[in-house]
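> What follows is a structure written as structure tokens; I'll ask about it next.
Every read-out reported here was derived from the displayed coordinates using simple, explicitly stated rules and does not represent laboratory data. This structure is a prediction, so every number in the text was calculated from the model and none was measured. All Cβ positions, glycine included, derive from the backbone under ideal geometry; neighbour counts span all protein chains shown.
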């Protein structure tokens, strides 16, 4: 028998059929779900109860999904809630915009219900894994970059850097393996907890935006280095 999961998932989409199908699929895996037809309903709901994951449609009557995502990521209580954007927009620029606004993952329509459930489970397991494995005082320092694993904070030369949940997980995965090359398959497993599906954009887009936040020159990085044709690695102590 397949292992059931637990957790509360909010599903936000102005198309009732999509909400219903996603809800039924998640319930089959043991999740509790609540459905909302728009962003305003969701924003009221999170004030009453925080979910474990939010599945949020991008294109909805105002406020659209991107606006709602931005508002949630600015809130002290809601900023750490993982968000999956549902989008019919599959251009790289659109996907980048969604990730820049704080989304932790995105699924393009039409989507597989099996894939959606896998991504929800991955986000929850990643959060639980971080809570278990991060020692209360463990701090990683590489060059000018300092990471507090317990507080999930990052600073450069003492100045805080605001990262999304996935950017933080990606950075720490690379730093904990500094000097060693990690290919995209390994990064997908470490950060997204799913097998690599052949779409390199998810990893590459997160790397690009992470570099813009931590590097002095994102086009000439000294921390996160590209190993052409293989993957990425964090610079060794000697290189820094």
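> Quote the relative contact order of region 134-234 in percent (integer), defining contacts as alpha-carbon pairs under 8 Å separated by 6+ residues.
24
> What ratio of Cα Rg to 2.2 N^0.38 Å holds for region 134-234?
Relative to the 2.2 N^0.38 Å estimate, region 134-234 comes out at 1.02.
> May I pose another question? Quick check on the exposure proxy: order 49, 152, 79 from fewest to most C-beta atoms within 10 angstrom.
Lowest to highest Cβ neighbour count: 49, 79, 152.
> Also, quick follow-up: Using just the C-alpha positions of the chain as equal point scatterers, what log10 of I(q)/I(0) does the Debye formula give at each q in 0.09, 0.12 1/Å?
Debye intensities relative to I(0), on a log10 scale: -0.38, -0.68.
> Still on this structure, please answer the following. With each pseudo-label sitting 7 Å past Cα toward Cβ, what's the residue 80-residue 157 distance in nm, one decimal?
2.9
> Something else: Per residue, how much space in cubic angstrom lies within the convex hull of the C-alpha atoms of region 8-131?
It is 100 Å³ per residue.
> Further question on the same structure: Taking the beta-carbon count within 10 Å as an exposure proxy, list 46, 147 from fewest neighbours to most.
So the ranking, lowest neighbour count to highest, is 46, 147.
> Next up: At a threshold of 8 angstrom on Cα-Cα distance, excluding pairs fewer than six apart, so keeping six or more, what relative contact order does region 8-131 reach in percent?
RCO, region 8-131: 23 percent.
> Which value at 222 nm does the chain reach when only helices count, each DSSP H run of 4 or more adding -39,500 (n - 2.57), with the total divided by all residues and rounded to the nearest 500 deg cm²/dmol?
Calculated from helices alone, the mean residue ellipticity at 222 nm is -12000 deg cm²/dmol.
> Can you put 106, 209 in order of Cβ neighbours within 10 angstrom, beginning with the fewest? Could the numbers behind the result be given before it?
Details: 106 23, 209 18.
Taking fewest neighbouring Cβ atoms as first place, the list is 209, 106.
> Can you give me the relative contact order of the chain as a percent, contacts being Cα pairs under 8 Å and 6 or more apart? Each step should come with its number before you reach the end.
Working: 367 pairs, mean separation 31.0, N = 240.
Reported relative contact order: 13 percent.
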